[in-house]
Amino acid sequence: MRLFLASYRFGLARDRFLELTGPPGRIAVIANAADSWPDAARASAVTSEFTLLRSAGFLPVEVDLRELMPSTAHDVLSAFPAVWVRGGNTFVLRRRMASSGADEAIARLLAEDSLVYGGYSAGACVLSPTLRGVEYADPPGEVEPTTGEDVLWTGLGIIDDVLVPHWASDTLDPDGASAAMATACDAAGTPYRTLTDDQVYVVDGGDAAVI
């Protein structure tokens, strides 16, 4: 299993992502964490990720989970050696993954080690076993108006710990949401890892570390 889970974009570890993927080629970009945003803002978010990934040599292609179904998700995602899941609202992203079948497809492809998963902020948090505590950073109330479906409080469970991004970040967390998330995890006895915007949690086979 190969995971590159960041607080913000590549952090300071772009080269490590390239080590996981090998020579950069096509990469699926999932931007559904931004589905509750105005159309222009969402489109700008996709363009921004394309610019980032092209600067690293990748050929990004958006895979919009709204266009997938459980019967097609695996075939679509298996056509890419890597996926990049951007930030936004973790709860909206989780619901889109469940409704499209992308959650099960990603879990299967990771277990087969046929996909490298890169993601940051919401794209990293969604792999945790639970989303309890994330409500201090992302409003669950955006899920129903955006998707027409209920909030899911379970993550994909790919990793054992809850990830708390933007730790001590005056820029991306001026209101202290990361500290509130950590406090909620402490109260619930849930293991967690904090990530500054420079740090990345990397899983490479049997090795896992924050770098």
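The values are calculated or read from the model by the stated rules, or taken from the named source; none is laboratory data. None of these values were measured; they are calculated from a predicted model. Don't worry about glycine lacking a Cβ; one is built from the backbone with ideal geometry, like all the others, and counts go over all protein chains shown. The area values use the complete protein model at the heavy-atom level, side chains included, leaving out ligands, DNA and RNA. Shrake-Rupley method; radii C 1.70, N 1.55, O 1.52, S 1.80 Å.
Points to keep in mind about this one:
- Qualifying positions in the range 167-193 - over 28 Å from residue 205 (Cβ atoms), touching a residue at least 12 places away in the same chain (Cβ under 8 Å) and part of a loop (DSSP other than H, G, I, E, B): 168, 169, 171, 172, 173
- Residue within the range 131-149 that is touching a residue at least 24 places away in the same chain (Cβ under 8 Å), farther than 20 Å from residue 9 by Cα and in contact with a Gly (Cβ under 6 Å, 6 or more places away or on another chain) present: yes
- The strands (runs of 3 or more DSSP E) falling completely within the range 1-86 that include 3 or more residues that are surrounded by 14 or more Cβ atoms within 10 Å (Cβ to Cβ) and modelled with pLDDT of 95 or more map to 2-6, 26-30, 82-85.
- The condition of being part of a strand (DSSP E or B) and crowded, with 22+ Cβ neighbours inside 10 Å holds for only one of 118, 123, that being 118.
- Test: residue in the range 193-202 that is surrounded by 13 or more Cβ atoms within 10 Å (Cβ to Cβ) and over 15 Å from residue 9 (Cα atoms): yes
- Of the residues making up the range 75-109, those that are more than 11 Å from the chain's Cα centre (by Cα), without any contact (Cβ under 8 Å) to a residue 60 or more places away in the chain and more than 16 Å from residue 129 (Cβ to Cβ) number 13.
- Which numbered condition residue 112 fails, given (1) of a type outside the set (A, V, I, L, M, F, W, C); (2) over 14 Å from the mean Cα position of the chain (by Cα); (3) open to solvent by 10 Å² or more (accessible area, probe 1.4 Å); (4) closer than 27 Å to residue 43 by Cα: (4)
- Test: residue in the range 197-207 that is at pLDDT below 95 and farther than 28 Å from residue 76 by Cα: yes
- Exclusive hit being within 30 Å of residue 19 (Cα to Cα), modelled with pLDDT of 95 or more and surrounded by fewer than 19 Cβ atoms within 10 Å (Cβ to Cβ), set 144, 104, 149: 104
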